[in-house]
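The block underneath contains the structure these notes are about, expressed in structure tokens.
The values are calculated or read from the model by the stated rules, or taken from the named source; none is laboratory data. None of the values given here were measured: they were computed from a predicted structure. Virtual Cβ from ideal backbone geometry, glycine too; neighbours counted across all protein chains shown. In case anyone asks, the SASA skips ligands and DNA or RNA and just uses the protein heavy atoms, side chains included. Shrake-Rupley method; radii C 1.70, N 1.55, O 1.52, S 1.80 Å.
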There are 2 protein chains.
Amino acid sequence: MSTSPIPAADPPPGRDLARLFAPRSIAVIGASASPDKAGHAMTVALDDFPNLHPVNPRAGRINGRRAYRTVGEIPERVDLAILAVPPAAVARTVAECARAGVGAVLVCSGGFAESGPAGTALQDELRAVVASSGIRLLGPNTSGFVHPAARARANFMPSVGELRPGPVGIIAQSGGMNLALSFLLHADDIGISLAVGLGNAVDVDFVDVLDHLAHDEDTTVIALHIEGVRDGRALADAVRRATAVKPVVALKVGRADVGDFARSHTGALTGDWTLARAALRQAGAVVVDTLGELVDAVAALAHRRLPALFDPGVAVVTGQAGPGLLVADRLRATGTRLPPLTESTTARLAELLPPLTYQRNPVDTGRPDTTFPQVVEAVGADPRIDATLVYTLQEAGTPDTVAHLAEERHACTVFVTGGLDRDVLPQRTALRAAGIPVYTAPERGVTGLRALLDDAHARALGRMSAIVVPTDPTGPAVPDRGALDEDQAKTVLAGLGLRSPRRIVASTHARAHAAMAELGNPVVVKLCDARVLHKSDIDAVHVGVATRADLDHALRRIDAAGIDASPRYLLEELAPAGTELIVGAVRDASFGPFVLLGVGGVDVATQAPPAVRAAPLSRAEAREMYRQLPEPVRAGARGRAPVPEEETITLLVGLGRLMTENPHVGEVDINPVRATAEGLLALDAVILPHRSPDRGSTSHRG
Amino acid sequence: MSTSPIPAADPPPGRDLARLFAPRSIAVIGASASPDKAGHAMTVALDDFPNLHPVNPRAGRINGRRAYRTVGEIPERVDLAILAVPPAAVARTVAECARAGVGAVLVCSGGFAESGPAGTALQDELRAVVASSGIRLLGPNTSGFVHPAARARANFMPSVGELRPGPVGIIAQSGGMNLALSFLLHADDIGISLAVGLGNAVDVDFVDVLDHLAHDEDTTVIALHIEGVRDGRALADAVRRATAVKPVVALKVGRADVGDFARSHTGALTGDWTLARAALRQAGAVVVDTLGELVDAVAALAHRRLPALFDPGVAVVTGQAGPGLLVADRLRATGTRLPPLTESTTARLAELLPPLTYQRNPVDTGRPDTTFPQVVEAVGADPRIDATLVYTLQEAGTPDTVAHLAEERHACTVFVTGGLDRDVLPQRTALRAAGIPVYTAPERGVTGLRALLDDAHARALGRMSAIVVPTDPTGPAVPDRGALDEDQAKTVLAGLGLRSPRRIVASTHARAHAAMAELGNPVVVKLCDARVLHKSDIDAVHVGVATRADLDHALRRIDAAGIDASPRYLLEELAPAGTELIVGAVRDASFGPFVLLGVGGVDVATQAPPAVRAAPLSRAEAREMYRQLPEPVRAGARGRAPVPEEETITLLVGLGRLMTENPHVGEVDINPVRATAEGLLALDAVILPHRSPDRGSTSHRG
């Protein structure tokens, strides 16, 4: 074993991952000639890698190659060492590699933090070695990575050798998901630039690999599989850097997780999963729901990226009415706009198509004949249309159509076709070569098109949001002394321009009577105590108090709630009628602050889910939140005041800044905000401190 | 041309479709030797059908067979005639076929009702010929049908000849969808018993083919593609008959259709699509959202059907944690119950698995080794588990696992696997042969398992609902004289046992004052007029009227609304506080009456969608509706009264009977029903007459 000292980490370790993912020489430490050892499988998997060096204390020959007793004995510089040693020996072996000048190590074995306290200690030891030596480490507890173009298959599973080079970079939190996704892409004839399973991510994490793939020339699209992340903000920033260059598609697991996030009303309205998705979407990622959707989205974005489009118009051209109707229905159900074609396009279609067909949008050609390519071209040229989905069943004559579509790639954005594989597959190859993604199931084509549209929309929104750092003075400072009661919270919110009804806090019954005299009756009388989140639950909210007797009754009820021996009372003018909203903010331990907007009222938990955006947010992003309110609420149905758009946007943006500038604030809950004829009014509010991040720890899995 | 008279329809035409779908002899009328004619393509498509007879006025030989000048000249009995003649000649040719004793005709060509008034006239003529002759007709405007086992491919598309015989019967409203689905099943190596595109369905429709397939021995599962149907009730009844024998999976198109159904508040809460899906689900069908889900559901149900299970417990066993987590997340998100395993199962797993793995539910085995089949068996034997989804990536050793799973088919309900096709496909064949459906994408496996569970649940619910015809006396008769005002509606609803606050109708101000004196103040004062659906919109609802001056003010405001020169006033006791629901019923032109239950309040349009069931409904079905209410509403959060379960169920069942027994009632809107400490109270109600069915006409497409 080499006894040379660990080289000083000078210069500090670069973030470059070339020696890890594109190694010129690989050592397998723990290589073995016996087939039941992991070290054997790895040696075999890398059989066709030229500079492979087995390391085994007994030396000799393994799988036809000379084995070395230690990594230090290998005569050439080793870029990557793959460790097939027991967990307890990993940290020591990594230190040895660092001393020998190895660039990076891969640790596949489990038995670290995912397995309990003893494993956590081993992982801490490993982390210390990595930090002090500057060596890069992938894992532990991962299936490794696959880099087909470099023949580097650092993975125990033999069939990964069949994976083809291609445009998709994969970063999966789980090594198993990395493989599952790679094989699904392979089955759709889509190749891989680099597929990485992060495992416990002691060193190399999402951010490192995202930055690496963003600059990797072979990668045209990046696929992410995310379970939980320690630093969601850093992930979102890396996604933002990457999407400036190439599209990113993200699958976030954990929809059904409830977590321990339900600590107050606003928090209970959403969960980690929703917040993470909102943050990823804002960072420019296309967010999908299933592994199949991940494949379909990647299949589209690997081949083309639309220009930035804020509100794209989509056309459907179909050779068969039934499937065309299905596609159009699904597009509409996913929020896609299918505008009617212009008159000049319709006139052109009337020349090209028999009179019985439907010639608006969707355009039904009847069984496609020789004019089909011209129909697609005419529709694609319509000024209202930014993207066209074309459907045909494979029939006699369609091969010419395909050749023509491939030439005129601007006219057809996504092609969906039905038929036998023997007819469909050659077309798929030709069209993909021309940059047209091809699907055989209608909804899969819709997923592909939606991915192109979502990516285009995110970039358009990103441009509108380019400056999120405000140039005006900073927002209100929030006192850092725990929970703020309603009076204090409303004072803070007034600094954002959010008004409240005129109010007086009284500490005795006599002062409360004086306050009512000053405010003029009727008034609202409430307990003023930061410890009580739901005052009406304990009968501590009394609306329409109009007489001295009413007031005495209300004060006695508040006293009877028994929260405090000498409670404080908040007396407030009665607010005018209006539409009730809930506006709030929460701080996620991983992804940072978020702003929420939803429909208010007592039964807020039964309403449609609120709109959520990560803070800070731009006016364009806040406007999207406003537009997510149900239309009858925005418009103020039933004679009530409409919700003022610009004032609401200003409040949301301000609340985002408040969260960004006051990291000690954990949650703001303004429930309700009432939209009245005179504008927005906060009727109740509470501001809670940020709890220490005792949640949000990453759960690592193999 | 034969001039013999049309044979008398005596005995009346049976509903048997054997001569159509399993013909022993076929004539192609309009057969042609020139390759650009449809009649040529059809002759070629049927090339290997033994008893094929081309018919062409010029006779001669076509595609090597003797052609006859007329169908009457064919010497043997013709079961099926396929017409390749222009639309205007179709009715005449069908009549000729009927005279010649032909059993059934297929008309593929379009140009009928789907194309405008002239086509509608041709279709009416065709319908008359079919009705008077008793001949069966499929189409017009369809791609035909495929019956692979009989080599009967009555379809213009040549590649349908490749479709293999198998267990799936398809009934598609659109001929294009019939083909698209057939090819998607083919790509998944799933064969077809009979695939039918109904087209305009002048004669043979969903009901005919459902009844046919329900009794077809080769069919183990039926797939439906539905756009719109004329008689949804008859369809639902046929689905109920079929699901008693074999599973039915339905894809209903039209989610994004808004329709003209928004005529009042309750109606606006839902659409045709939702109603149709509710009716199909109640009839026992598994309802899916996409064509891909239709394939995945059919793939599961073609191979096995679970016993009737009301609330099945599901386990996940996985070889890789990441994909297992994804599967479990998706199962939970789709409402699947994953109970913890019993202690004895956990103890058995502790013997079989290394200590680091997760052994509850999901069960993570780590990379699967030789104990994997025993783990699956132990989990499958757990008394809390009714179905098990197994996931593994293909690795060395898994073939044995598969062989073992195939033997122990009771232990593994659905198998999901990742890997290369060359590894996966042989396993798929072996497992399917053993009745275990196999998928390569996690969410597709979840769709398959959900289909098995939904089918099992529907049968369990069906048994609980077996007697939906009530044995107690009939419900209240509703007067058939147009819209009922609030007073009349509440009187009718009282007959269902639904109480309302004490009320008096007054026709003058003086009588209103007397009514207030009798009721005791404060009261609610409302306009009583069946023409006004939303009284509060015109300031015609006044709550908390406590003084004579208040009452005068309220009456003047109602007068000022100007609905009637001498309006009637409804005075009512103030109801106690409670939880507000909306309860209603609507009558769909196609699927008949439905009952709705949702969360009430002013902003009802912003709430989660209501529960919907077709009427009449059983108590078990009504209980499922009740359980769809958000939990905080049911439980009466915030100190309000809970919603009484049995009383709500009784109201829903009664409302269903009211709709069934009073076909002139179009809609009942009880908004709100308030759940108080003393039970349910109707605070407002309206009953509207049924409009003539000027909507719901079938849209037929090719």
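Structure notes:
- Calculated Rg and Dmax of region B:62-207 using C-alpha coordinates, Å: 15.6, 44
- Antiparallel DSSP beta bridges within the protein assembly as shown, percent to nearest 5: 50 percent
- Label spacing, shortest first and in nm, from B:Asp48 to its equivalents in the remaining copies (7 angstrom along Cα→Cβ): 3.8
- Pairwise FRET efficiency - A:Asp311 versus A:Thr371, Cβ, R0 = 30 Å, nearest 0.05: 0.45
- Based on the reciprocal of the average 1/r between different C-alpha atoms, the Kirkwood radius for region B:304-464 equals 15.5 Å.
- Summed over all non-identical Cα pairs, the Kirkwood treatment of region A:476-626 gives a radius of 17.3 Å.
- With q set to 0.05, 0.06, 0.07, 0.09 Å⁻¹, the log10 of I(q)/I(0) for the protein assembly as shown, from the Debye formula over equal scatterers at the Cα positions, is -0.45, -0.65, -0.88, -1.35.
- Heavy atoms of chains A and B lose about 5400 Å² of accessible surface on contact, summed over both sides with a 1.4 Å probe.
- With the convex hull drawn over the C-alpha atoms of region B:106-191, the volume per residue is 94 Å³.
- Listed residues A:Leu461, A:Phe21, A:Ala451: farthest to the positive end of the dipole of chain A (Cβ charges): A:Phe21
- Nearest-first distances (nm) between copies at B:Leu356, label 7 Å from Cα via Cβ: 6.7
- q = 0.13, 0.14, 0.16 Å⁻¹, region B:153-307: log10 I(q)/I(0) [Debye, one scatterer per Cα]: -0.57, -0.66, -0.85
- Considering only region A:1-155, percent of DSSP beta bridges that pair antiparallel, nearest 5: 25 percent
- Between the beta carbons of B:Arg337 and B:Asp211, assuming R0 = 25 Å, the FRET efficiency works out to 0.10 to the nearest 0.05.
- Only helices enter this figure: runs of n ≥ 4 DSSP H residues, each worth -39500 (n - 2.57), summed and divided by the residues of the protein assembly as shown, yield -10500 deg cm²/dmol at 222 nm to the nearest 500.
- For the protein assembly as shown: lysine pairs under 22 Å (alpha-carbon distance), excluding those fewer than 8 apart on one chain: 6
- Two-site label geometry, B:Asp237 and B:Arg151: point separation in nm, points 7 Å out along Cα→Cβ: 4.0 nm
- Kirkwood Rh, angstrom, region A:502-573 [1 / mean 1/r, Cα pairs]: 11.7 Å
- Separation of alpha-carbon centers, region A:192-208 and region B:622-696, rounded to whole Å: 54 Å
- Relative contact order for chain A, counting Cα pairs under 8 Å that sit 6 or more residues apart, in percent: 10 percent
- Here is the list for region A:145-250: trypsin sites (Lys or Arg not before Pro) lying in DSSP coil, each with at most 16 other C-beta atoms within 10 angstrom of its C-beta, are A:Arg151, A:Arg230.
- Directionally averaged projected area (chain A, Cα convex hull): 37.3 nm².
- Chain A, dipole about Cα centre (Lys/Arg Cβ +1, Asp/Glu Cβ -1), debye to the nearest 20: 940 debye
- Rounded to whole Å, the principal axis extents of the Cα atoms in region A:579-689 read 41, 28, 25, largest first.
- DSSP beta bridges fully contained in chain B are about 50 percent antiparallel.
- Using a 7 Å Cα-to-Cβ projection, B:Arg422 label spacings across copies, nm, ascending: 2.2
- Sites count as exposed loop sites when they are GluC sites (Glu not before Pro), lie in a DSSP loop, and have at most 14 other Cβ atoms within 10 angstrom; the longest stretch of chain B without one is B:218-677.
- Summing Cβ point charges (Lys, Arg +1; Asp, Glu -1) relative to the Cα centre of the protein assembly as shown gives a dipole of roughly 820 debye.
- Net dipole in debye of region A:502-573 [+1 Lys, Arg Cβ; -1 Asp, Glu Cβ; about Cα centre; nearest 20]: 120 debye
- Zone residues, region A:309-345, relative to A:Glu351, backbone N less than 18 Å from point 7 Å out along Cα-to-Cβ: A:341-345
- In region A:42-122, the trypsin sites (Lys or Arg not before Pro) that fall in loop regions by DSSP, at most 16 other Cβ within 10 Å: A:Arg58, A:Arg69, A:Arg77
- Segment B:Glu76..B:Ser566, full-extension length gain: 168.4 nm, with 0.36 nm per residue of separation and the alpha-carbon distance subtracted.
- When all protein chains stay in place and ligands, DNA and RNA are ignored, the 1.4 Å accessible-area order of A:Asp480, B:Asp329, largest first, is A:Asp480, B:Asp329.
- For region A:649-688: rounded, prolate or oblate by the Cα gyration tensor [a/c cutoff 1.5]: oblate
- Distance between the 7 Å Cα→Cβ label points at A:Glu518 and A:Arg463: 5.5 nm.
- Taking 7 Å steps out from each Cα toward its Cβ at B:Leu425 and B:Arg360 produces label points 4.2 nm apart.
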